[in-house]
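*Asks:* Sharing a structure below in structure tokens format, with a few things to ask.
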Amino acid sequence: MDVRVVEGSFVEVADSAASGMDRRAFGEFVGPQGELASYAFGWVTGTEPRVAEFSVGIGAGNPGGGTFHAVVFEREGHYAFSLTDEPFERVPQGGPHLTADQARAHRDLPFVWWVADHVMERDRRARWMQHWVQGTLCFRTPQVSGGHEPILLVTHDADDGVWELVGRAPADDSGKTGHLYHAIDGDPTLIEVLDLPAGHSATRDYPGGPWRRHSH
């Protein structure tokens, strides 16, 4: 199926209320029959519970057009959407902001959820958000955790699903467990490998270098 998710701008601003960063990503969706949608999603670090926001716009200038808004939250180790009345972002393809009830009654709601799932799967920034929402844990070597070595090896274990972040020194039992999103905050180039399936790993020779993927 020829579906395209085109990543657009990414905006980060300090959020003094949460003592964190307000991150917002934008993009465009093109379906197999040329269907168009625009989207935006975002999250604010330092907030609890970890709930993100998502907007999908369709049909700009058409009677049936609208912008759908939802929150994104963790449910049983995955992410879930729930429609909300609160507008998040205005996007180019979107018409008027829809309330949750208006969105539920809209004939194109299944298409909007389809767009949202494709964006969560294909937009690298959405994977970053997903790991933040889910609170994914990772193991970091002392050298990586202390900022003394760059991350050169990322492993997603097949047995327990744990992510491991390793530098030049090999991993041992002296590492530290933390949240994967904290590591991405420090090195956003990790977004390239956040889709590693369990049982796979990725390596690179230097920070910012190309990742090579491996299956175990």
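*Asks:* Using a 1.4 angstrom probe on heavy atoms only, work out the carbon and sulfur share of the accessible area of the chain in %. It would help to have the intermediate numbers written out before the result.
*Replies:* Values: 5410 of 10750 Å².
Looking at the chain in its full context, I get 50 percent from C and S.
*Asks:* Return one whole number: the accessible area per residue of the chain in Å², for a 1.4 Å probe.
*Replies:* Details: 10750 Å² over 216 residues.
Result: 50 Å² of accessible area for each residue.
*Asks:* If you take the square roots of the eigenvalues of the alpha-carbon gyration tensor of the chain and sort them as a ≥ b ≥ c, do you get rounded (a/c under 1.5), prolate (a/b over b/c) or oblate? Mind showing how you got there, number by number?
*Replies:* Working: a/c = 2.33, a/b = 1.90, b/c = 1.23.
Taking the square roots of the gyration eigenvalues as a ≥ b ≥ c, the chain is prolate.
*Asks:* Taking Cα centroids, how far is the stretch 1-67 from the stretch 101-169 in Å?
*Replies:* The stretch 1-67 and the stretch 101-169 have Cα centres separated by 16 Å.
*Asks:* Give me the mean projected area, in nm² to one decimal, of the convex hull enclosing the Cα positions of the stretch 97-216.
*Replies:* That works out to 9.2 nm², a quarter of the Cα hull's surface.
*Asks:* Set the Förster distance to 45 Å, then compute FRET efficiency between Tyr206 and Val51 from the Cβ-Cβ distance, nearest 0.05.
*Replies:* Details: r = 36 Å, r/R0 = 0.81.
The formula returns an efficiency of 0.80 here.
*Asks:* Report the calculated FRET efficiency for Arg75 and Thr99 (r = Cβ-Cβ distance, R0 = 22 Å), to the nearest 0.05.
*Replies:* Values: r = 23 Å, r/R0 = 1.03.
Efficiency, rounded to the nearest 0.05: 0.45.
*Asks:* Would you mind calculating the gained length between Val162 and His214 on full extension (0.36 nm times residue separation, minus the Cα-Cα distance), in nm to one decimal? Don't jump to the answer; show the numbers that get you there.
*Replies:* Values: separation 52, 0.36 × 52 = 18.72 nm, distance 1.63 nm.
Computed gain between Val162 and His214 is 17.1 nm.
*Asks:* If you don't mind, there's one more thing I want to ask. Sorted by mean Cβ packing within 10 Å, highest first, what order do the peptides 67-75, 190-198, 6-14, 28-36 take?
*Replies:* Working: 67-75: 21.1, 190-198: 17.4, 6-14: 12.1, 28-36: 14.0.
Highest to lowest by the protection proxy: 67-75, 190-198, 28-36, 6-14.
*Asks:* Quick check: residue separation of Leu36 and Ala169 times 0.36 nm, minus the Cα distance between them. What number comes out in nm?
*Replies:* Value of the extension gain: 43.2 nm.
The values are calculated or read from the model by the stated rules, or taken from the named source; none is laboratory data. None of these values were measured; they are calculated from a predicted model. Glycine also receives a Cβ, built like all others from the backbone with ideal geometry; neighbour counts cover every protein chain displayed. Only protein heavy atoms, including side chains, enter the accessible area calculation; ligands, DNA and RNA are left aside. Shrake-Rupley method; radii C 1.70, N 1.55, O 1.52, S 1.80 Å.
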